[in-house]
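Chemist: Attaching a single structure in structure tokens format; questions to follow.
Just so it is clear, none of the values below were taken in a lab; they were calculated from the coordinates. Source: prediction; values computed, not measured. Every residue, glycine among them, receives a Cβ derived from its backbone with ideal geometry; neighbour counts consider all protein chains shown.
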Amino acid sequence: MRVVSMVPSWTETLIKAGVQVVGRTRFCIHPSDQVSNIPIVGGTKEVSWDLVQDLRPDLVLLDQEENPLSMAEDCPGTYLATHVTSLETLQSELVRLGEHFQNAFLMELAVDCLDIIEAPTPKWNAQRIPGLVQLIRQPAQESAEVVYLIWKKPWMAASEETFIGSVLKKLGANLMPFNEGDKYPVLEIEDIENCFCLFSTEPFPFGKKIEELQSTGLAGAVVDGEFYSWFGVRSIAHLKQALLSKTI
């Protein structure tokens, strides 16, 4: 089956599973040694359907959180849209894709994901943060609420209603609460000055802003955004290491 994947996490996962991916977005960068040979048809928010049709796909793979509704509505061929918002929904979507592609690797990933869901939740340790890139400043209190920041100007966070939030809760983080339905709340710096901030390396390049972050006086650390947001084979591998090998 020839697949055009408009979801970076799924692109990597399908390639690892041996599914024939014939088109991708510019953000589909893993596995780097294989995606370079796969044509780019757009980004996660826009696509050239002419380029897609030239590739003669049997299926276009989308995700409701990654891609706009218009992409599904305008798709000229057959598409499948997943909806990954948590480890639980990732597990069910892996089963769905495994059955759709009749693929044993995807079904095994679904089992691994279930093992992660059922694993004991550890106590959050701000001194041993999974995916740590660089510590900025330790929190004044061990019990400080955790906030995961994805953007600056304005400050934006990922709430517990996102896949990122689900991963953090599984790792034992006491997340800063937000209003129900507010998946990516906009914040003021005063809102987070007593929190422990996780500054993601993507989509905002916090990893290149270390001195600027240090000057804010905020407690926190820069973390690998791929660890927390790339659902599929990458997040499962990271979480297996963190949770099932008892490294945190």
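Chemist: Give the distance, in whole Å, between the Cα centre of the range 182-248 and the Cα centre of the range 65-107.
Modeler: The two parts, judged by their Cα centres, are 25 Å apart.
Chemist: Whole number please: convex hull volume per residue, Cα atoms of the chain, in Å³.
Modeler: That works out to 126 Å³ per residue.
Chemist: Just subtract the alpha-carbon distance of R137 and Q34 from 0.36 nm times their residue separation and send over the number in nm, one decimal.
Modeler: Value of the extension gain: 33.3 nm.
Chemist: Quick check on my link table: of K183/K240; K45/K170; K152/K183; K123/K183; K209/K240, which ones sit more than 21 Å apart, alpha carbon to alpha carbon?
Modeler: K183/K240; K45/K170; K123/K183; K209/K240
Chemist: To the nearest 0.05, what FRET efficiency results for N125 and W49 with a Förster distance of 45 Å applied to their C-beta separation?
Modeler: That gives a FRET efficiency of 0.40.
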